[in-house]
Structure formats: C-alpha cells, structure tokens
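To start, the structure under review is shown below, and the notes come after it.
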Amino acid sequence: MCIRDRNFTDQCNNAITHTQNITVTPIAPPAFVNPPGNLTIACNELANLPVSPTLSYTNNGILSCLTDGNVSATINNTATICGGNVVYTWQFTDQCNNAINHSQTLTVTPVAPPAFINPPGNLTIPCSEATSYNPLTLSYTNNGLDACLTSGTVAPTLQGNPPNICGSMSTYVWTFTDQCKNAILSFIHI
C-alpha cells in the first residue's frame, strides 16, 4: 500500500490536505503447466527415465507481473526391475512467497516370473538305459524385454537313488530362482 499526501497553504494561510491511498494487488500465484499424473510403467522402461525432468510454471501475468519459467524435479527412486516407485517432485516459490509443488509417482511393474520351456514329463526307460540316463538341462525364460529379460538353463539335481537295472524310481528336479525371488520348479520320475 502506498499513501500520497498533498498539502497546500495559500497566501491567506488557508490549508488544504488530500490523502490518496494506493493499494497494489499482489501478483497472481503461479501454477504448473500440464503437471503429469501418476503412471504405471513396465520394468524395461526404468532404464530410460529422465534423470531430472523439468516442469513449466506461469502465473499468466502481464509485463512485470509475469512469473514463469521451468523447475527441475527432485527424484526419490526406490524402484528396481523387481518393482517399486519413482517419485518426481517439483517445487517453486516466487518472489512473493507463493509456493507451489507437484509430485508424480511412477509405479514399476516387476519382471514377469520365468517358466521352464518344454519341461519333460515322467519317463519309463528300459533297464539297458538305466545306468547311462543323463537328463538334459532345461531352458527357462520370462519373455521380458531388455533388462527385464530373465533366461538361461539349469541342470537337474537327483533326489534319491539314480536309476538302476533292478527297476527303481528316481526323481530329477530342476529349480531356479530369479533376482526378484520368483522360484520355478519342475521334476520327473523315472
């Protein structure tokens, strides 16, 4: 607020006074332009996230009352390919202490669990193959993309006694646990 006082005294000592109060309305507070909403993203998108995205703000003012610009986000990233969240937070305070903030949460879907490819079924083998039977390794995949791909092979472990010519039942087990603790299991009885 500004106060202007005007005083005048004429040659006959007649005094007059006038006071004018000028009230200045403050600038409009700024707002973010098209702030992004929360999203769910696939784990393979995690590697391509921007390091410090910017967000524009304005108060749509005129001339010296215009406040506009861009502000970079701070990032809180607890996400891995096993899931989690990435939170972007934008904050700005103008010269009149009008503060604005906006947060966006990106929820990362975890990698898909793997599965064995064509696991074998139970077998009956002739005694002539009992001592030479050697089960194959099994391949597994989760059909993921990029860093979210889990694939490989695993050899079986024998539980119990190996096959023998006297007629026996043997169990071979294939197990695998990925980096997200997704476990898969396959077995056959011979």
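The figures follow:
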| read-out | value |
| --- | --- |
| Within region 1-98, strands (runs of 3 or more DSSP E) holding 2 or more residues that are exposed (fewer than 10 other Cβ atoms within 10 Å of the Cβ) and either among the charged types (D, E, K, R) or touching a residue at least 12 places away in the same chain (Cβ under 8 Å) (or both) | 2-9, 15-22 |
| Subset tally (residues that are within 17 Å of residue 178 (Cβ to Cβ) and not hydrophobic (A, V, I, L, M, F, W, C)) for region 117-152 | 12 |
| Among the candidates 70, 60, residue that is at negative phi and not aliphatic (A, V, I, L, M) | 70 |
| Tabulated pairs, region 169-190, first in contact (Cβ under 8 Å) with a residue 24 or more places away in the chain, second of a type in the set (Gly, Ala, Ser) and part of a strand (DSSP E or B), C-beta under 7 angstrom, 6+ apart or interchain | 174/186; 184/115 |
| Any chance residue 155 is over 31 Å from the mean Cα position of the chain (by Cα), exposed (fewer than 13 other Cβ atoms within 10 Å of the Cβ) and either hydrophobic (A, V, I, L, M, F, W, C) or modelled with pLDDT of 85 or more (or both) | yes |
| Hey, residue 114 open to solvent by less than 40 Å² (accessible area, probe 1.4 Å), under 22 Å from the mean Cα position of the chain (by Cα) and not aromatic (Phe, Trp, Tyr) or not | yes |
| Number of positions in region 107-161 that are within 30 Å of residue 49 (Cβ to Cβ) and in a loop (DSSP other than H, G, I, E, B) | 11 |
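The values are calculated or read from the model by the stated rules, or taken from the named source; none is laboratory data. Every value quoted in this text rests on a predicted model; they were computed, and no experiment measured them. Cβ atoms come from the backbone with ideal geometry, glycine included; neighbour counts cover every protein chain shown. The protein model used for the area step is the full one, side chains on, heavy atoms only, and it has no ligands, DNA or RNA in it. Shrake-Rupley method; radii C 1.70, N 1.55, O 1.52, S 1.80 Å.
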